[in-house]
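In what follows, a structure is listed as structure tokens, so that the remarks can point back to it.
The values are calculated or read from the model by the stated rules, or taken from the named source; none is laboratory data. All of these numbers come straight from a predicted model, not from anything done at the bench. So basically every Cβ, Gly included, is an ideal-geometry build from the backbone, and we count neighbours across all protein chains shown. With ligands, DNA and RNA removed, areas are computed over all heavy atoms of the protein, side chains included. Shrake-Rupley method; radii C 1.70, N 1.55, O 1.52, S 1.80 Å.
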Amino acid sequence: MQDLYDVTAKLVGINHIALEVGDIDEALAWYGQFFAFSLRGRGGGMAFIDMGDQFIALAASSEEHRDAERHFGLVVDDKAGVRRALEEAGVSLTAAPNCSFRDPWGNHVQVVDYREIQFTKTPEVLDALGVSTEKTERALAELRAKGIG
């Protein structure tokens, strides 16, 4: 793999993302309908949702917004289950096999299945989360093409 930008530091992952929401408690309740999570903590108008070794920060904001193409992808162990729960709640979704939606505050979220993507976690993190290490052949091929695994 050729580096397009050869500078001092390499990007190695994402520690967290921050989403602006109207009300922290409402956002926690809304996301809690679709995703199992633990709360890392709260403070300063924010709440922090653990995702293994990463987290999402929810920040209270009174300004309305709607993302156009800006989005982020959440990795889950059961994309079909999330899709079902979103549909049952009446949330507008992209056509399968994709699973993208907007939360009530305009944040554009894409859901991807851990088994289907090249993203990996250490065995220790997967074990702590209770997630299988299984990957599809396509995901494994993408990893091998990058010299991983």
* To do: Pick out, in residue order, every one of the trypsin sites (Lys or Arg not before Pro) in region 6-108 that is DSSP loop and has at most 11 other C-beta atoms within 10 Å; say none if there are none.
  => K10, R66, R70
* If amide H atoms are built 1.01 Å from N in the plane of the peptide, which residues on other chains or at least 5 residues away come under 5 Å of the amide H of V21? -> A59, A60, S61
* Per DSSP H run of at least 4 residues, take -39500 (n - 2.57); add these up for the chain, divide by its residues and hand me the 222 nm value, nearest 500 deg cm²/dmol. => -6500 deg cm²/dmol
* **FRET efficiency, 1/(1 + (r/R0)^6) with R0 25 Å, evaluated for E116 and R66 via beta carbons** => 0.35
* Within the chain, what is the longest stretch that has no GluC sites (Glu not before Pro) placed in a DSSP loop and near at most 15 other beta-carbon atoms within 10 Å? -> 70-133
* **Size descriptor, Kirkwood hydrodynamic radius, that averages inverse alpha-carbon separations across region 95-144, Å** => 12.7 Å
* In sequence order, calculated HN-Hα J values of region 33-40 (Karplus, 6.51, -1.76, 1.60; Hz; x Gly/Pro) -> 5, 10, 10, 7, 8, 10, 8, 6
* **Volume in Å³ per residue [convex hull over Cα atoms, computed for the chain]** => 155 Å³
* Asked: With the contact rule set at Cα under 8 Å and sequence spacing of 6 or more, what percent relative contact order holds for region 19-127?
  -> 26 percent
* Structure fact -> Percent antiparallel among DSSP beta bridges confined to the chain, rounded to 5, stands at 55 percent
* **Heavy-atom SASA rank of S38, S61 (probe 1.4 Å, accessible area, largest first)** => S38, S61
* HN-Hα J couplings of region 132-144 from phi, Karplus 6.51/-1.76/1.60, θ = phi - 60°, integer Hz, Gly and Pro as x? -> 5, 8, 4, 10, 6, 4, 4, 5, 5, 5, 4, 5, 4
* Structure fact -> Taking r as the C-beta separation of R40 and A80 and R0 as 22 Å, the FRET efficiency to the nearest 0.05 is 0.20
